[in-house]
Amino acid sequence: MIHREGRYRVDRALVVKDWPALAVLAAMLAAGVVFYPHLPDMVPAHWNFRGEVDDYFSRFWGAFALPLLAAGIYLAMIYAPYIDPRRDSYVRFEGAYRAVRLGLVFFLAVLQAVILTVALGGPPDLVNRVVPAALGLLMLVVGNYLPQARFNYFFGVRTPWTLASEEVWRRTHRFSGPAFVLGGLAALAAAFLPPPANFVVGVGGIVGAALASVVYSYLAFRRLDTAPGHGPG
């Protein structure tokens, strides 16, 4: 949504276009309210790489921790551009930024659904199947939209080298998009593996994509810095 003055702002039009994310947030809160009376006193909150529960929430946090976290992340994402010196850049990739917001909220909604299902007596191995798949889908969304991100200080691959040069930013995000798509595909494949292989493959693919992006940004900066007639600025 490019406003006449070309400035990012949170207004009625943005909220209307964000209705899918807001609907998911409302559904998460409603699920917490509905299932709260039926939850045990201790709700599974974390699983180790073997797929075993190793930490718990209280009943309240089991019902509402993820809805509150999702709402906090959503609000941070829509208001952070106000304090970004490159605020005007966000109107140039508004659709991509919205898609990633929705992806993050949806991912946390899936986590909440898994936790509630297991806490209410569902199959404990649900985590090993659903979470890697949901994480993989999130990475596919991020990878698909990363190349559209314009230079800013909040969203994207932010390294000392991408923030030092808009050209390095552009090259890095063009590389990082496919890298994160591959990481997402690895996480999707991990959903069909037993623990701990699912953890190693899923997390390894995503960490690998992130590290590759950091290394690529440095190499792109060095190439640009040493190219005749070019500088890092």
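Identify, by number, the condition in (1) surrounded by fewer than 23 Cβ atoms within 10 Å (Cβ to Cβ); (2) of a type outside the set (Asp, Glu); (3) free of Cβ contacts under 8 Å to residues at least 24 places away in the same chain that ARG174 doesn't meet.
Among (1) surrounded by fewer than 23 Cβ atoms within 10 Å (Cβ to Cβ); (2) of a type outside the set (Asp, Glu); (3) free of Cβ contacts under 8 Å to residues at least 24 places away in the same chain, ARG174 violates only (3).
Is it the case, given these coordinates, that TYR90 is over 30 Å from ALA191 (Cα atoms), of a type in the set (Phe, Trp, Tyr), surrounded by 18 or more Cβ atoms within 10 Å (Cβ to Cβ) and in contact with an Asp or Glu (Cβ under 8 Å, 6 or more places away or on another chain)?
It is true that TYR90 is over 30 Å from ALA191 (Cα atoms), of a type in the set (Phe, Trp, Tyr), surrounded by 18 or more Cβ atoms within 10 Å (Cβ to Cβ) and in contact with an Asp or Glu (Cβ under 8 Å, 6 or more places away or on another chain).
Only residues that are farther than 28 Å from VAL114 by Cβ and either among the hydroxyl-bearing types (Ser, Thr, Tyr) or not in a helix (DSSP H, G or I) (or both): list them for region 52-93, please.
TYR79, TYR82, ASP84, PRO85, ARG86, SER89, TYR90, PHE93
Considering LEU182, LEU188, LEU140, LEU135, which residue is assigned to a helix (DSSP H, G or I) and surrounded by 22 or more Cβ atoms within 10 Å (Cβ to Cβ)?
LEU135
The rows are residues; the columns are (1) buried (at least 17 other Cβ atoms within 10 Å of the Cβ); (2) among the small types (Gly, Ala, Ser); (3) not in a helix (DSSP H, G or I).
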| residue | (1), (2), (3) |
| --- | --- |
| ALA113 | yes, yes, no |
| GLY156 | yes, yes, yes |
| PRO195 | yes, no, yes |
| GLY205 | yes, yes, no |
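Which is among the small types (Gly, Ala, Ser), assigned to a helix (DSSP H, G or I) and more than 25 Å from LEU188 (Cα to Cα), of ALA96, ALA31?
ALA31
For region 79-132, how many residues are touching a residue at least 12 places away in the same chain (Cβ under 8 Å) and under 30 Å from LEU39 (Cβ atoms)?
28
Examine region 62-80 for a residue that is farther than 25 Å from ALA23 by Cα, at pLDDT 95 or above and of a type outside the set (A, V, I, L, M, F, W, C), and state whether such a residue exists.
No, that holds for no residue.
Residue-wise test of (1) surrounded by 14 or more Cβ atoms within 10 Å (Cβ to Cβ); (2) of a type outside the set (D, E, K, R).
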residue: ALA27; (1), (2): yes, yes
residue: VAL34; (1), (2): no, yes
residue: PRO37; (1), (2): no, yes
residue: GLU52; (1), (2): no, no
residue: GLY62; (1), (2): yes, yes
residue: PRO67; (1), (2): yes, yes
residue: LEU75; (1), (2): no, yes
residue: GLU94; (1), (2): yes, no
residue: VAL110; (1), (2): yes, yes
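The values are calculated or read from the model by the stated rules, or taken from the named source; none is laboratory data. Treat the numbers as computed from the prediction; the structure is a model and nothing was measured. So basically every Cβ, Gly included, is an ideal-geometry build from the backbone, and we count neighbours across all protein chains shown.
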